[in-house]
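Here is the structure we will look at.
The values are calculated or read from the model by the stated rules, or taken from the named source; none is laboratory data. Just so it is clear, the structure is predicted and the values come from calculations on it, not from any experiment. For neighbour counting, all protein chains shown are included, and Cβ atoms are generated from backbone atoms with ideal geometry for every residue, glycine included.
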Amino acid sequence: MNERLDTIVRLPFGEDQTFVPVGVVSKDYVLVPHHTVLDVATQALKAVKFAPDDITAQLNITEYGERMALSLYLPDKYSIDPGDGKPMALRLECFNSVDGSSRFRVLMGWFRFVCSNGLIIGVTRADVHRRHVGNFRLEDVGAVLASGLKEFETEKKNFERWRKVEITLDRLAPWVNKDLWKGWGFKAAARTFHIARCGSDANIVEQYKGKAPTTIGMQPTKRVPGAPEKCRNLFDLSQILAWLAKERRDVQEQLEWREQIPELIAPLMNGKGA
């Protein structure tokens with residue numbers, strides 16, 4: 001027996017009657033089963049008078065149950081059309097692990113159905129993340145939901161403002177070559193500019209040396225769902241960035257990139273970056 005560590009084991013489930021070790025954690029680790037997160041999220045929805053029939057749920061879980069991502073889509077009255085006829089739904093997102101590989105996290109976010117892109121509402125105002133240690137409080141789920149609902153109207157106005165900020169390629173290029181390159185790296189900056197120009201993602205096909213993200217050779221790969229043939233405004237740009245964030249392999253990195261989008265585009269909103 002190890003006096004300092006515990007083993008997390010997946011118990012027999014369904015037809016699989018084996019015990020499967022999934023992680024090793026410290027004695028201070030507070031195990032929160034995935035079903036507990038679902039129960040608490042359900043209680044939070046009931047507390048604000050949402051009927052279960054009005055909620056759509058999506059659950060993604062790893063093979064042995066180490067990590068879980070839960071999305072609860074709120075009633076249609078909390079969906080918005082950002083102006084292009086492609087609706088966005090408000091959702092409560094919960095992320096949990098039982099092996100210590102990631103923190104428990106709850107946030108409110110937007111989901112755009114046409115491209116499966118996500119944006120985080122209020123960035124930090126409607127968000128909580130906790131280590132699985134002694135100060136862990138699942139009650140925070142209700143607070144996040146309440147905060148997100150409070151921010152709903154503000155977020156709608158933000159999207160309206162973004163659609164009114166015109167983005168030309170001449171204005172976009174300096175921002176891509178400076179702010180985005182610094183924030184997300186050369187490859188993401190180059191892909192962003194290519195999508196903004198023609199609506200298709202692409203791979204870099206030239207050596208980086210002596211090139212800028214806006215001048216390097218690119219080979220188109222696939223059409224980006226929901227993207228216009230040419231980026232017209234700040235909202236279009238936010239969706240390009242959300243697409244790139246979704247393309248990251250690691251869920252934690254996806255969230256980090258989604259959080260950074262408002263800050264990244266702020267120079268363009270403020271009339272800078274030109």
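Here are a few things to note about the model shown:
- Filtering Ile261, Ile240 for residues that are at pLDDT 90 or above, more than 12 Å from the chain's Cα centre (by Cα) and in a helix (DSSP H, G or I) leaves a single hit, Ile240.
- No other residue among Ser79, Ser71 is of a type in the set (S, T, N, Q) and in contact with an Asp or Glu (Cβ under 8 Å, 6 or more places away or on another chain) apart from Ser71.
- Complete set of residues in region 43-79 that are aromatic (Phe, Trp, Tyr) and assigned to a loop (DSSP other than H, G, I, E, B): Phe50, Tyr64
- Boolean, Asp39 is modelled with pLDDT of 90 or more and either in a strand (DSSP E or B) or of a type in the set (D, E, K, R) (or both): yes
- The set of residues in region 248-271 that are closer than 20 Å to Phe235 by Cβ and out of contact with any helix residue (DSSP H, G or I) (no Cβ under 7 Å at 6 or more places or on another chain) comprises Glu259, Pro262, Glu263, Ala266, Asn270, Gly271.
- Residue in region 216-234 that is surrounded by 13 or more Cβ atoms within 10 Å (Cβ to Cβ), in a helix (DSSP H, G or I) and not aromatic (Phe, Trp, Tyr) present: yes
- Reported count of residues in region 3-23, each being out of contact with any Asp or Glu (no Cβ under 7 Å at 6 or more places or on another chain) and assigned to a strand (DSSP E or B), is 9.
- Screening Phe152, Phe186, Phe193 for residues that are more than 17 Å from Ala245 (Cβ to Cβ) and either under 18 Å from the mean Cα position of the chain (by Cα) or not assigned by TED's automatic domain parsing to the domain that holds Ile80 (or both) leaves exactly one candidate, Phe152.
- Count of region 85-123 residues which are of a type in the set (A, V, I, L, M, F, W, C), modelled with pLDDT of 80 or more and not in a loop (DSSP other than H, G, I, E, B): 12
- When region 55-94 is filtered for residues that are closer than 25 Å to Lys156 by Cβ, surrounded by 14 or more Cβ atoms within 10 Å (Cβ to Cβ) and acidic (Asp, Glu), the ones remaining, listed by number, are Asp84, Glu93.
- Test: residue in region 139-154 that is at pLDDT 90 or above, in contact with a Lys or Arg (Cβ under 8 Å, 6 or more places away or on another chain) and in a helix (DSSP H, G or I): no
- Any hit, region 168-188, residues being crowded, with 20+ Cβ neighbours inside 10 Å, at pLDDT 95 or above, touching a strand residue (DSSP E or B) at 6+ places or on another chain (Cβ under 7 Å) and over 18 Å from Ser116 (Cα atoms): no
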